[in-house]
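Read the structure below first, then the notes.
The values are calculated or read from the model by the stated rules, or taken from the named source; none is laboratory data. Just so we're clear, the structure is a prediction, and the values are computed from it rather than from any experiment. Note that each Cβ is placed from the backbone with ideal geometry, even for glycine, and that neighbours are counted across all protein chains shown. Accessible surface is based on the protein model in full, side chains and every heavy atom, while ligands, DNA and RNA are left aside. Shrake-Rupley method; radii C 1.70, N 1.55, O 1.52, S 1.80 Å.
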Amino acid sequence: MSELNKIALKIVSNGKGILAADESNGTMTKRLEAVNVTSTAENRLLFREILFSSDGMKEHIGGVILYDETINQTTSFGGSISDLISSSGAITGIKVDTGAKDLANSPEEKITEGLDGLRERLKKYYNLGARFTKWRGVYKISEKYPSNLAIHSNAHALARYSALVQENLMVPIVEPEVLMDGNHSIDTCFKKTSEVIKKCFDELILHKVDLTGIILKPNMILAGKQSNDKISNEEVSQKTLECLKNSVPSEVPGIAFLSGGQSEIEAVKNLNLINKNNNTKFIMTYSYGRALQQSALKTWSKNITDIKATQNIFDHRSKMCSLAAKGKWSNELENK
Ligand code: 13P
């Protein structure tokens, strides 16, 4: 077993998943201002530190994705953030893309940037304790989109990124996110997501990426947010499994879904059924941002010194996600 494969498995095994706490300062500012908390570097650290030192973190989180600001911060007890994460048994990860920009010659679509100087930045992050990384390609669905140009160029960037990350002894999370926005049907999401993922693997293979040392972070197969179709959680799980079974090479050790704007409950219900019905050999778990943090953030905003109340909410959410990663979540446990 390669070292990279071991790291990937450690992050996603035994019902553990990933806490995606890598919101950029811009995104985190929006999240904090929405609950009337001032977005200072100190407050951003305070909220994250509360989560990273919780019991839920020890029991249910195998890896945490950080943003550049956070990995460079010192905890209020004086240690490094990476040491705080390791002390709970989780692995430190870092977002290394520099964001999605307008795609030249198809400006309504996005291309993710950040390849220039990446090798040097990776060395710095490794020295700060990171052992895995994230890069997110983003695709929108409409009649014309995603275009072949967006599918091809984002897959190429994801593959070049992954090769550099493995060269620097870290596990790349490959995140092609087909957005929920739009009124498209679940079948359109299935078709477009399949095309996007297949192209990513064509490029990863071309770039000689070791597929046993990556984690795929896809969207689930859902109808568009503005669509009126009523799709059951069962259908979401079946279509998601079918898409991944047909598009992902079997060497890939783990798949960790993004929540992508689903509510906390929808995100666990769907993951739970995906695991109950899992007819693949992939480990299927979570790499949630909003679906792990939303309620905790709301509670914290009412009194930012009440650490226990915030941790209690996070402990419950992470426990529900972990149960879903084992196919053992239920409404009764949710409401207990
Ligand atoms: P959400 O779960 O909030 O979609 O965030 C996951 C993530 O890391 C998006 O890149």
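Find the residue count for the stretch 127-171, including only residues that are open to solvent by less than 70 Å² (accessible area, probe 1.4 Å) and either assigned to a helix (DSSP H, G or I) or on the phi > 0 side of the Ramachandran plot (or both).
Looking only at that region, the number is 16.
Could you identify the single residue in ILE304, ILE255 that is within 15 Å of the ligand (Cβ to nearest atom) and among the β-branched types (Val, Ile, Thr)?
Exactly one of ILE304, ILE255 is within 15 Å of the ligand (Cβ to nearest atom) and among the β-branched types (Val, Ile, Thr), namely ILE255.
Can you tell me which residue in the stretch 282-295 is farthest from the chain's Cα centre (by Cα), limited to those that are within 16 Å of the ligand (Cβ to nearest atom) and not in a helix (DSSP H, G or I)?
Across the stretch 282-295, the extreme among qualifying residues is MET284.
Only residues that are within 17 Å of the chain's Cα centre (by Cα) and open to solvent by 10 Å² or more (accessible area, probe 1.4 Å): list them for the stretch 320-329, please.
The one that is within 17 Å of the chain's Cα centre (by Cα) and open to solvent by 10 Å² or more (accessible area, probe 1.4 Å): ALA325.
If you scan the stretch 95-120, which residues turn out to be within 24 Å of GLU167 (Cβ to Cβ) and in a loop (DSSP other than H, G, I, E, B)?
Listed by number, the residues that qualify are VAL96, ASP97, THR98, GLY99, GLU113, GLY114, LEU115, ASP116, GLY117.
Show me the helices (runs of 4 or more DSSP H) entirely contained within the stretch 176-281 in which 2 or more residues are open to solvent by 30 Å² or more (accessible area, probe 1.4 Å) and within 27 Å of LEU19 (Cβ to Cβ).
233-247, 264-276
Could we say that LEU19 is on the phi < 0 side of the Ramachandran plot, crowded, with 21+ Cβ neighbours inside 10 Å and either in contact with a helix residue (DSSP H, G or I) (Cβ under 8 Å, 6 or more places away or on another chain) or at pLDDT 95 or above (or both) here?
Yes, satisfied.
Could we say that ALA104 is open to solvent by 10 Å² or more (accessible area, probe 1.4 Å), among the hydrophobic types (A, V, I, L, M, F, W, C) and within 15 Å of the ligand (Cβ to nearest atom) here?
no
May I ask you to list the residues in the stretch 53-84 that are out of contact with any Asp or Glu (no Cβ under 6 Å at 6 or more places or on another chain) and within 16 Å of the ligand (Cβ to nearest atom)?
HIS60, ILE61, GLY62, GLY63, VAL64, ASP68, GLU69, THR70, ILE71
Assuming GLU334 fulfils every condition listed in (1) within 16 Å of the ligand (Cβ to nearest atom); (2) open to solvent by less than 60 Å² (accessible area, probe 1.4 Å); (3) assigned to a helix (DSSP H, G or I) apart from one, which condition is it?
GLU334 satisfies all of (1) within 16 Å of the ligand (Cβ to nearest atom); (2) open to solvent by less than 60 Å² (accessible area, probe 1.4 Å); (3) assigned to a helix (DSSP H, G or I) except (1).
Looking at PHE47, PHE52, PHE77, which one is of a type in the set (A, V, I, L, M, F, W, C) and without any contact (Cβ under 8 Å) to a residue 12 or more places away in the chain?
The match here is PHE77.
What number of residues within the stretch 87-99 are of a type in the set (A, V, I, L, M, F, W, C) and open to solvent by 40 Å² or more (accessible area, probe 1.4 Å)?
Qualifying residue count, the stretch 87-99: 0.
GLU33: open to solvent by 60 Å² or more (accessible area, probe 1.4 Å), over 18 Å from LYS16 (Cα atoms) and modelled with pLDDT of 95 or more, yes or no?
When the stated conditions are applied, GLU33 passes them.
What pairs come up if the first residue lies in the stretch 269-295 and is at pLDDT 95 or above and among the small types (Gly, Ala, Ser), the second is away from the ligand (no atom under 16 Å from the Cβ) and open to solvent by 10 Å² or more (accessible area, probe 1.4 Å), and their beta carbons are under 8 Å apart, counting only those six or more places apart or on different chains?
As it stands, the answer is SER295/ILE313, since those pairs meet every condition given.
Among what's in the stretch 2-12 and is touching a residue at least 40 places away in the same chain (Cβ under 8 Å) and either exposed (fewer than 15 other Cβ atoms within 10 Å of the Cβ) or within 16 Å of the ligand (Cβ to nearest atom) (or both), pick the residue that is nearest to THR212 (Cα to Cα).
SER2
When LYS298 is evaluated against the numbered criteria (1) surrounded by fewer than 20 Cβ atoms within 10 Å (Cβ to Cβ); (2) within 16 Å of the ligand (Cβ to nearest atom); (3) in contact (Cβ under 8 Å) with a residue 40 or more places away in the chain; (4) within 23 Å of VAL236 (Cα to Cα), which criterion, by number, is the only one it fails?
(4)
Which residue, of THR40, THR27, is surrounded by fewer than 20 Cβ atoms within 10 Å (Cβ to Cβ), over 17 Å from the mean Cα position of the chain (by Cα) and at pLDDT 95 or above?
Every option except THR40 fails the conditions.
Looking at the stretch 43-70, which of the residues that are in a helix (DSSP H, G or I) and open to solvent by less than 10 Å² (accessible area, probe 1.4 Å) is nearest to ILE11 (Cα to Cα)?
Residue satisfying both the conditions and the ranking: MET57.
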